[in-house]
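Down below is the structure, laid out as structure tokens.
The values are calculated or read from the model by the stated rules, or taken from the named source; none is laboratory data. For clarity, every value in this text was computed on a predicted model and none was experimentally measured. Please note: Cβ atoms are built from the backbone with ideal geometry, for glycine as well, and neighbour counts cover all protein chains shown.
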Amino acid sequence: MTSASFQVPASEDTAEPLLELHFTACADRLKLIRDSIRATARMCGFDDGTAQSIVLAVDEACQNIIVHGYGERGEGIVILGLYRSDAGILVRLRDFAPRVDPTKVKPRALNDVRPGKLGSYFIREIMDTVEFRPGPEGKGNLLEMTKHTGEPQ
């Protein structure tokens, strides 16, 4: 287990840290965090529908970390940070899995009708910004997503 945590991002120096959760990279852990994400989104001024959309985006991103980053082994840690900013909400997901090449994170074509491979599509449709960054100290990955209040989904 790691003791790593987040600092308020320099790009969001007015962001207020609201919640930081460390959890094992197992799909069943996502049940534990959904209500916290929803409540935090509501605290940031989002209506129920938008809050639920934010939950979906974060859940999809976490599933991608679990499945693609850690290979569903149930090993590894994910750190979720939620911040209130002047614009809305900032979500940071940190993992310690092998680095991801952001250019390869693409959804399948929507006309390719089959299950799976649409998580990154939903994330980009729901959130206003989605940025992959190298993990701090050169370890793992950092995903930053923002959703602005008052913006259409």
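Keeping to segment 23-63, report how many residues are assigned to a loop (DSSP other than H, G, I, E, B) and surrounded by 17 or more Cβ atoms within 10 Å (Cβ to Cβ).
Of the residues in segment 23-63, 3 are assigned to a loop (DSSP other than H, G, I, E, B) and surrounded by 17 or more Cβ atoms within 10 Å (Cβ to Cβ).
Taking interchain pairs and intrachain pairs at least six residues apart, which have beta carbon atoms under 7 angstrom, with the first residue in segment 53-66 and closer than 16 Å to Leu32 by Cβ and the second among the basic types (Lys, Arg) and at pLDDT 95 or above?
Val55/Arg34; Val55/Arg38; Asp59/Arg34
Within segment 32-48, how many residues are without any contact (Cβ under 8 Å) to a residue 24 or more places away in the chain and either under 13 Å from Thr149 (Cβ atoms) or in contact with a Pro (Cβ under 9 Å, 6 or more places away or on another chain) (or both)?
2
Considering only residues that are closer than 21 Å to Asp86 by Cα and either basic (Lys, Arg) or modelled with pLDDT of 85 or more (or both), look in segment 137-153 and name the one that is surrounded by the most Cβ atoms within 10 Å (Cβ to Cβ).
Among those residues, the one meeting the criterion is Lys147.
For segment 115-136, name all the residues that are modelled with pLDDT of 85 or more and part of a helix (DSSP H, G or I).
Within segment 115-136, Phe122, Ile123, Arg124, Glu125, Ile126 meet the criteria.
Yes or no: segment 64-82 includes at least one residue that is part of a loop (DSSP other than H, G, I, E, B), among the basic types (Lys, Arg) and more than 14 Å from the chain's Cα centre (by Cα).
Scanning segment 64-82, I find at least one residue that is part of a loop (DSSP other than H, G, I, E, B), among the basic types (Lys, Arg) and more than 14 Å from the chain's Cα centre (by Cα), so the answer is yes.
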